[in-house]
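S.K.: What follows is a structure written as structure tokens; I'll ask about it next.
The values are calculated or read from the model by the stated rules, or taken from the named source; none is laboratory data. Model, not experiment: these values are computed from the prediction. Cβ placement follows ideal geometry from the backbone for every residue including glycine, while neighbour counts extend to all protein chains displayed. Accessible surface areas use protein heavy atoms only, side chains included; no ligands, DNA or RNA. Shrake-Rupley method; radii C 1.70, N 1.55, O 1.52, S 1.80 Å.
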Amino acid sequence: MASAVKDSRPGYGQLLRTPGAWTFLLPGFLARQPFAMLTIGIVLLVESTTGSYGIAGTVSAATGVSMALFAPQSGKLADRFGQRAVLLPGVLVHVAGVAALITLALAHAPLWALIAVAVPTGASTPQVGPMVRARWASRLGGSPLMPTAAAFESVTDEFTFVVGPVLATALCTGIHPAAGLIAEAVLSLAGGLLFASQRRSQPPAHRAQPGDGPRVSALSVPGVRVLIVAFLGIGAVFGGMQVSLTAFTQDIGQPGINGVLYGVFAAGNMLAGVACGAIAWKVGPRRRLLVAYGLLALATTPLWAVTAVPLLGAVGLVVGLCIAPALITGYTLVESLVPATARTEAFTWLTGAVALGQAAAATAAGQLADRFVPSTGFLVPLAGTALALTVLLALRAHLLPRSTTRIVGTGSAQATEPAEDRDKAVTEPADLAADLRAGSPERGGYEGLSERGVGHRTPVTVD
């Protein structure tokens, strides 16, 4: 744990006072902007050169699928060899891929050629968000500030998705259809190199040592696989909203408001993220995830039936408000489900799942928009979240953290927490500072407890 607790309640102020945090936060913010611009930039460019949302969605999907498949491998390599060693070559390959994609699209190349270039472009997309999250986890350890850090990163991501699509849309519609992707490539190069230069804040590389056992893969953890399904559903919301909003605004003759509507949707996500990080939760993360996901599926239900722009903006805002709690809780659970040696890999699996869900949804929504009325594409977010919610409910037992031990009592007095209480909060806000100093049991930290002579370890299940 990097810093001592000065306040009784973790919050954004305390989080941002973490030593060295700003050295990776500012470069990380710049370097993650392209992630929000890539798919919308591809959709706008390819649609302008082909006239088909189906083709545009397919090329965007190829980028997202390759990103989802290769991102975890990038994360695994970053855990083993360090983030800088992976980021530098990846940025260069990505910029070259974007340049080739722009050239082929403007030359009206066939679909197979666009897909062939989209694959390495997506595969090399810099995974800056997971790397920033891994740096927080490395500095904070099992601190109660981890949920606050997850909320802060979600807010940063969503602010990116407010700025990125609006910027890409404005460049593509106001300057040139390729301007959005050109800006994406420039930001990828500048931001990626600047972030990679911050060596002191990157987590230590976990190279294999003689005598080490088999390296644990994040994908081997059942809870991570369940979260991947949940994040696939969230990706379906992003992808379905991007393509469907583009088709809808084109159909009504107001393409310029596409970025505004998507920005309103992302702004709802950002506002909810700010609130999530400021709340001292009294409900366990597993239950929070299930409730938030249920609300998300419910919020996507009326999208396909809305025909008025103001009402669509209002419904999109509500959908955005429901995404952040699910995302934040999912990322928070990772810290308790996987060991530090696989943490970046786990974060990239989740980020890749969002990209894969986004790609599949973009393809499906594009096909529906081409064959039926544009608003039909809004059925995709509903279907994706409904299916993911079903899986979450069926496999929720896998979301229990690795640490199942808790101090319950002192001296010879011991107690076992009832099973029905395991989804309740294990600490009140006033207890957080003491937990952090002593080693928070629900975060898996018992360091120093035996030396202080505090209580006994009694196995209980904690959510």
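S.K.: Answer with yes or no whether VAL274 is part of a helix (DSSP H, G or I) and within 20 Å of ALA71 (Cβ to Cβ). Even if it seems obvious, please write down each step before you answer.
M.R.: Numbers: part of a helix (DSSP H, G or I): yes; within 20 Å of ALA71 (Cβ to Cβ): no.
The answer is no for VAL274.
S.K.: Would the range 243-259 turn up any residue that is surrounded by fewer than 24 Cβ atoms within 10 Å (Cβ to Cβ), in contact (Cβ under 8 Å) with a residue 12 or more places away in the chain, outside any helix (DSSP H, G or I) and not hydroxyl-bearing (Ser, Thr, Tyr)?
M.R.: Yes - at least one qualifying residue is present in the range 243-259.
S.K.: Looking at the range 48-58, is at least one residue under 19 Å from ALA31 (Cα atoms), of a type in the set (Gly, Ala, Ser) and out of contact with any Phe, Trp or Tyr (no Cβ under 6 Å at 6 or more places or on another chain)? Walk me through how you get there before you give the answer.
M.R.: So the first thing to find is which residues in the range 48-58 are under 19 Å from ALA31 (Cα atoms), and the list is none.
Among the residues of the range 48-58, not one is under 19 Å from ALA31 (Cα atoms), of a type in the set (Gly, Ala, Ser) and out of contact with any Phe, Trp or Tyr (no Cβ under 6 Å at 6 or more places or on another chain), which makes the answer no.
S.K.: Could you tell me whether ALA170 is open to solvent by 20 Å² or more (accessible area, probe 1.4 Å), of a type outside the set (Val, Ile, Thr), in a helix (DSSP H, G or I) and modelled with pLDDT of 80 or more? Quick ask: steps written out before the conclusion?
M.R.: On the way: open to solvent by 20 Å² or more (accessible area, probe 1.4 Å): yes; of a type outside the set (Val, Ile, Thr): yes; in a helix (DSSP H, G or I): yes; modelled with pLDDT of 80 or more: yes.
Against the criterion (open to solvent by 20 Å² or more (accessible area, probe 1.4 Å), of a type outside the set (Val, Ile, Thr), in a helix (DSSP H, G or I) and modelled with pLDDT of 80 or more), ALA170 qualifies.
S.K.: Which of the following residues is more than 23 Å from GLU153 (Cβ to Cβ), open to solvent by 50 Å² or more (accessible area, probe 1.4 Å), in a helix (DSSP H, G or I) and among the aliphatic types (A, V, I, L, M): LEU77, LEU92, LEU101?
M.R.: Numbers: LEU77 fails: more than 23 Å from GLU153 (Cβ to Cβ); LEU101 fails: open to solvent by 50 Å² or more (accessible area, probe 1.4 Å).
Result: LEU92 is the single residue among LEU77, LEU92, LEU101 that is more than 23 Å from GLU153 (Cβ to Cβ), open to solvent by 50 Å² or more (accessible area, probe 1.4 Å), in a helix (DSSP H, G or I) and among the aliphatic types (A, V, I, L, M).
S.K.: May I ask you to list the residues in the range 176-195 that are touching a residue at least 24 places away in the same chain (Cβ under 8 Å), over 20 Å from the mean Cα position of the chain (by Cα) and assigned to a helix (DSSP H, G or I)?
M.R.: Quick first cut of the range 176-195, residues touching a residue at least 24 places away in the same chain (Cβ under 8 Å) only: 177-178, 180-185, 187-195.
Among the residues that remain, those that are also over 20 Å from the mean Cα position of the chain (by Cα) are: 177-178, 180-183, 185, 189-190, 193-194.
Result: GLY180, LEU181, ILE182, ALA183, ALA185, LEU189, ALA190, LEU193, LEU194.
S.K.: Could you list, in sequence order, all residues of the range 50-60 that are open to solvent by less than 10 Å² (accessible area, probe 1.4 Å) and either within 13 Å of SER124 (Cα to Cα) or under 23 Å from the mean Cα position of the chain (by Cα) (or both)? Steps first, answer last, please.
M.R.: Going residue by residue through the range 50-60, those that are open to solvent by less than 10 Å² (accessible area, probe 1.4 Å) are 54, 56-57, 59-60.
Listed by number, the residues that qualify are GLY57, VAL59, SER60.
S.K.: Given LEU289, LEU296, LEU271, which one is open to solvent by 30 Å² or more (accessible area, probe 1.4 Å), in contact (Cβ under 8 Å) with a residue 24 or more places away in the chain and under 17 Å from the mean Cα position of the chain (by Cα)?
M.R.: Working: LEU289 fails: open to solvent by 30 Å² or more (accessible area, probe 1.4 Å); LEU296 fails: open to solvent by 30 Å² or more (accessible area, probe 1.4 Å).
Sole residue among the options that is open to solvent by 30 Å² or more (accessible area, probe 1.4 Å), in contact (Cβ under 8 Å) with a residue 24 or more places away in the chain and under 17 Å from the mean Cα position of the chain (by Cα): LEU271.
S.K.: Please go through (1) within 23 Å of SER154 (Cβ to Cβ); (2) at pLDDT below 75; (3) open to solvent by 20 Å² or more (accessible area, probe 1.4 Å) for VAL264 and return the number of the only condition it doesn't satisfy.
M.R.: Failed condition: (2).
S.K.: Turning to a different aspect of this structure: Cβ-Cβ under 6 Å, sequence separation 6+ or interchain: first residue in the range 217-239 and over 18 Å from ALA365 (Cβ atoms), partner outside any helix (DSSP H, G or I). Which pairs?
M.R.: ALA218/VAL338; VAL221/VAL338; VAL226/LEU395
S.K.: Which condition does PHE70 not pass, out of (1) within 27 Å of GLU345 (Cα to Cα); (2) modelled with pLDDT under 80, if it passes all the others?
M.R.: Every condition holds for PHE70 apart from (2).
S.K.: Out of (1) part of a helix (DSSP H, G or I); (2) open to solvent by 10 Å² or more (accessible area, probe 1.4 Å), what's the single condition that is false for THR301?
M.R.: Checking THR301 against (1) part of a helix (DSSP H, G or I); (2) open to solvent by 10 Å² or more (accessible area, probe 1.4 Å), the one that fails is (1).
S.K.: Which of (1) open to solvent by 40 Å² or more (accessible area, probe 1.4 Å); (2) within 23 Å of the chain's Cα centre (by Cα); (3) of a type outside the set (Val, Ile, Thr); (4) closer than 30 Å to HIS176 by Cα does LEU87 not meet, given it meets every other one?
M.R.: So the condition that LEU87 fails would be (1).
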